[in-house]
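What follows is a set of notes on a single structure, which appears directly below.
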Amino acid sequence: MTILDQIAKLGQGGLVVVGNLGRAGMIVALALLGPPDFRHGPALLIRQLYSVGVFSLLIIAVSGLFVGMVLALQGYNLLIRFDAVEALGQAVSVTLVRELGPVISALLFAGRAGSALTAEIGLMKATEQLAAMEVIGVDPIRRVVRPRLWAGIIAMPLLAQIFNVVALWGAVIIGVGWLGVGADAFWTNMQDYLEFRRDIFNGVIKAAVFGGVITWIAVFQGYNTVPTSEGISRATTRTVVYSSLAVLGMDFLLTAVMFGVN
Amino acid sequence: MQSRAIELAVGLFILAGILALAFLAIQVSGINREFDSKSTYQLYAEFNNVAGLTRKAKVTVAGVQVGLVTAITINPESMRARVDMVISSEVKDLSEDTIAAIQTAGILGEKYIALSPGGALETLSDGDRVHDTQSALILEELVGKILTSRATNP
């Protein structure tokens, strides 16, 4: 009896997970496919780029500066043991462009923009704005979800590149300005090693994937909220947790595909 | 009025992102390195062993960089490594008996190719092969040689 109940519960839980996955997939498919809306689309997209991109700019830039400074300090302390501090620029830039730039800015983006998205859409659902849209014949997925999804995919790579540049600047301040690594050695070692297609372009792709995944999770969690204040707070937490995990997991997969086998 | 401000802010954001990408592309990955321009010519050389040499490695004459390695492939007939390089046209009178040697900057440093011009009157031109080569110095082989020689004549 109790064992049967347990098994039934397990099955039910599985059904809920698969059902949610299906709903999330349908939302993203409906949002990305379908005819573009040239009348309202651009204005909606710009508004979302503003709230997702411009508002995230400050936290991205400040974190980037400190990450770059820390990388330069730690890299210097390690490299000086091998008498190879000239490789500092190379070490810092490879770490940043390939991994830390996309990943850290994605984690910040999940906390800063993803949670806000979930709360916003969750509140729309709780106050029945989504239902009202359907009543007056506006498709909430095209009106609400699509611009947010595209804004995430467009804003993330830009944020990650800004993060990289600011972090590099931080590394130059510490490495060249403070620790006295030669500026020429710093830059030429970096330029000798990095390649645009392999390092920078792959970083851009990573960031775009992260942006899409984070916004997808955030939008779905908002859409799937239990429409109470507790439900919204839970959904917001889930967005941050799930999208952070998704970013780190995807990063491993993408790295394995991009840099794994040479 | 307010939507105008938003458009401006988003425009600035996108501009900043694209500028950051351009900065990374040009300054960090060094797309604009001078040896990519037209005022260069090609040479190639075959080595028994190029272990550790990479694309974009430096090519130097007397320690001054004059070019870089563009490709490393295997010659399927001789089973030797073929290294293609571009050399700045300013250095056009390399003699035909120039020696190309793979050297290392410091013990742990990167590998590069050092060209040492000889005394022949004929000079190398675009597409020519540098015949005399010295392969990369491999530390393990060197240590192995020392050990075996010590073992045979103590």
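The values are calculated or read from the model by the stated rules, or taken from the named source; none is laboratory data. Since this is a predicted model, take the numbers as computed values, not measurements. In this analysis, Cβ positions are derived from the backbone assuming ideal geometry, glycine residues included, and neighbour counts consider all displayed protein chains. Side chains are part of the model used for accessible areas, which takes the heavy atoms of the whole protein and leaves out ligands, DNA and RNA. Shrake-Rupley method; radii C 1.70, N 1.55, O 1.52, S 1.80 Å.
Could you list all residues from region B:68-89 that are in contact with a Phe, Trp or Tyr (Cβ under 8 Å, 6 or more places away or on another chain) and farther than 10 Å from B:Leu43 by Cα? Spell out how you get there, then give the answer.
Restricting attention to region B:68-89, the residues satisfying the condition of being in contact with a Phe, Trp or Tyr (Cβ under 8 Å, 6 or more places away or on another chain) are B:68, B:80-89.
Scanning region B:68-89 gives B:Leu68, B:Arg80, B:Ala81, B:Arg82, B:Ser88, B:Ser89.
Would you point out the residue of region B:46-72, among those that are open to solvent by less than 70 Å² (accessible area, probe 1.4 Å) and hydroxyl-bearing (Ser, Thr, Tyr), that is farthest from A:Phe196 (Cα to Cα)?
Initial filter on region B:46-72 (open to solvent by less than 70 Å² (accessible area, probe 1.4 Å)): B:46-47, B:49-53, B:56-61, B:63, B:65-72.
Keeping just the survivors that are hydroxyl-bearing (Ser, Thr, Tyr) gives B:60, B:70.
On the way: B:Thr60: 24, B:Thr70: 15 Å.
Only one residue tops the list, namely B:Thr60.
I'd like to verify a number: residues in region A:86-103 that are open to solvent by 10 Å² or more (accessible area, probe 1.4 Å) and under 8 Å from the mean Cα position of the chain (by Cα), how many? Quick ask: steps written out before the conclusion?
From region A:86-103, those open to solvent by 10 Å² or more (accessible area, probe 1.4 Å) are A:86-87, A:90-91, A:94-95, A:98-100, A:103; that's our starting set.
From what's left, under 8 Å from the mean Cα position of the chain (by Cα): A:103.
Total satisfying the criteria: 1.
Counting residues that are closer than 19 Å to A:Pro157 by Cβ and out of contact with any strand residue (DSSP E or B) (no Cβ under 9 Å at 6 or more places or on another chain), which helices (runs of 4 or more DSSP H) fully inside region A:16-128 reach at least 2?
Values: elements: A:41-49, A:57-79, A:88-94, A:101-109, A:115-126.
Correct list: A:41-49, A:57-79, A:88-94, A:101-109.
Yes/no matrix, rows are residues, columns are (1) within 14 Å of chain B (Cβ to nearest Cβ); (2) in contact (Cβ under 8 Å) with a residue 12 or more places away in the chain:
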{"position": "A:Gly114", "(1), (2)": "no, yes"}
{"position": "A:Glu120", "(1), (2)": "no, yes"}
{"position": "A:Met133", "(1), (2)": "no, no"}
{"position": "A:Arg143", "(1), (2)": "no, yes"}
{"position": "A:Leu149", "(1), (2)": "no, yes"}
{"position": "A:Ile153", "(1), (2)": "yes, yes"}
{"position": "A:Phe163", "(1), (2)": "yes, yes"}
{"position": "A:Ile173", "(1), (2)": "no, yes"}
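If you check B:Ala120 against the conditions, is it open to solvent by less than 20 Å² (accessible area, probe 1.4 Å) and either without any contact (Cβ under 8 Å) to a residue 40 or more places away in the chain or closer than 30 Å to A:Leu88 by Cα (or both)? Walk me through it before giving the result.
Working: open to solvent by less than 20 Å² (accessible area, probe 1.4 Å): no; either without any contact (Cβ under 8 Å) to a residue 40 or more places away in the chain or closer than 30 Å to A:Leu88 by Cα (or both): yes.
When the stated conditions are applied, B:Ala120 does not pass them.
Quick check, is A:Val67 in contact (Cβ under 8 Å) with a residue 24 or more places away in the chain and either closer than 20 Å to A:Phe186 by Cα or aromatic (Phe, Trp, Tyr) (or both)?
yes
State which residue is least open to solvent (accessible area, probe 1.4 Å) when the search covers only region A:175-220 and only residues that are within 20 Å of A:Val67 (Cα to Cα), assigned to a loop (DSSP other than H, G, I, E, B) and away from chain B (no Cβ under 12 Å). Quick ask: steps written out before the conclusion?
Step one: list which residues in region A:175-220 are within 20 Å of A:Val67 (Cα to Cα), which gives A:175-181, A:183, A:186-187, A:190, A:194, A:199-200, A:203-204, A:206-207, A:210.
From what is left, the residues that are assigned to a loop (DSSP other than H, G, I, E, B) are A:179-181, A:194.
Of the ones still in play, those that are also away from chain B (no Cβ under 12 Å) are A:179-181.
Numbers: A:Leu179: 47, A:Gly180: 58, A:Val181: 9 Å².
Only one residue tops the list, namely A:Val181.
Check off (1) over 30 Å from A:Arg197 (Cβ atoms); (2) of a type in the set (Phe, Trp, Tyr); (3) buried (at least 20 other Cβ atoms within 10 Å of the Cβ); (4) more than 20 Å from the chain's Cα centre (by Cα) for A:Phe38 and give me the number that stays unchecked.
If we test A:Phe38 against (1) over 30 Å from A:Arg197 (Cβ atoms); (2) of a type in the set (Phe, Trp, Tyr); (3) buried (at least 20 other Cβ atoms within 10 Å of the Cβ); (4) more than 20 Å from the chain's Cα centre (by Cα), just (3) comes out false.
Conditions tested, residue by residue: (1) away from chain A (no Cβ under 14 Å); (2) of a type in the set (Ser, Thr, Tyr); (3) touching an Asp or Glu at 6+ places or on another chain (Cβ under 8 Å).
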| position | (1), (2), (3) |
| --- | --- |
| B:Ser89 | yes, yes, no |
| B:Asp93 | yes, no, no |
| B:Thr98 | yes, yes, yes |
| B:Gln103 | yes, no, no |
| B:Tyr112 | no, yes, no |
| B:Ser116 | yes, yes, no |
| B:Ala120 | yes, no, yes |
| B:Ser125 | yes, yes, no |
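Check A:Leu108, A:Leu100, A:Leu88 and return the single one that is closer than 20 Å to B:Ala20 by Cα, touching a residue at least 24 places away in the same chain (Cβ under 8 Å) and within 14 Å of chain B (Cβ to nearest Cβ).
On the way: A:Leu108 fails: within 14 Å of chain B (Cβ to nearest Cβ); A:Leu88 fails: closer than 20 Å to B:Ala20 by Cα.
Checking each option against the conditions leaves just A:Leu100.
Filter region A:49-71 for residues that are β-branched (Val, Ile, Thr) and more than 28 Å from B:Leu8 (Cβ to Cβ); which is farthest from the other protein chains (Cβ to nearest Cβ)? Don't jump to the end; show me each part of the working.
Kept after step one, since they are β-branched (Val, Ile, Thr), are these residues of region A:49-71: A:52, A:54, A:59-60, A:62, A:67, A:70.
Narrowing the set further to residues that are more than 28 Å from B:Leu8 (Cβ to Cβ) leaves A:67, A:70.
Working: A:Val67: 15, A:Val70: 19 Å.
Among residues in region A:49-71 that are β-branched (Val, Ile, Thr) and more than 28 Å from B:Leu8 (Cβ to Cβ), the one farthest from the other protein chains (Cβ to nearest Cβ) is A:Val70.
So which pairs qualify, if the first residue must be in region B:11-33 and within 7 Å of another protein chain (Cβ to nearest Cβ), the second must be open to solvent by 60 Å² or more (accessible area, probe 1.4 Å) and at pLDDT below 85, the Cβ gap must be under 8 Å, and the two must be at least 6 apart or on different chains?
That search, which allows pairs on different chains as well, returns B:Ala25/A:Phe196; B:Ala25/B:Ile31; B:Ser29/A:Phe196; B:Ile31/A:Phe196.
In region A:221-230, what residues are open to solvent by 20 Å² or more (accessible area, probe 1.4 Å) and not in a loop (DSSP other than H, G, I, E, B)? Before you say what the answer is, go through the steps one by one.
The first filter runs over region A:221-230 and keeps only residues open to solvent by 20 Å² or more (accessible area, probe 1.4 Å), leaving A:223-224, A:226-230.
Matches in region A:221-230: A:Tyr223, A:Ser229, A:Glu230.
Please enumerate the residues belonging to region A:129-156 that are over 30 Å from A:Ala106 (Cβ atoms) and outside any helix (DSSP H, G or I).
Scanning region A:129-156 gives A:Ile136, A:Gly137, A:Val138.
Any residue at all in region A:12-27 that is in contact with an Asp or Glu (Cβ under 8 Å, 6 or more places away or on another chain) and modelled with pLDDT of 85 or more? Outline the logic, then answer.
Going through region A:12-27, the residues in contact with an Asp or Glu (Cβ under 8 Å, 6 or more places away or on another chain) turn out to be none.
There is no residue in region A:12-27 that is in contact with an Asp or Glu (Cβ under 8 Å, 6 or more places away or on another chain) and modelled with pLDDT of 85 or more.
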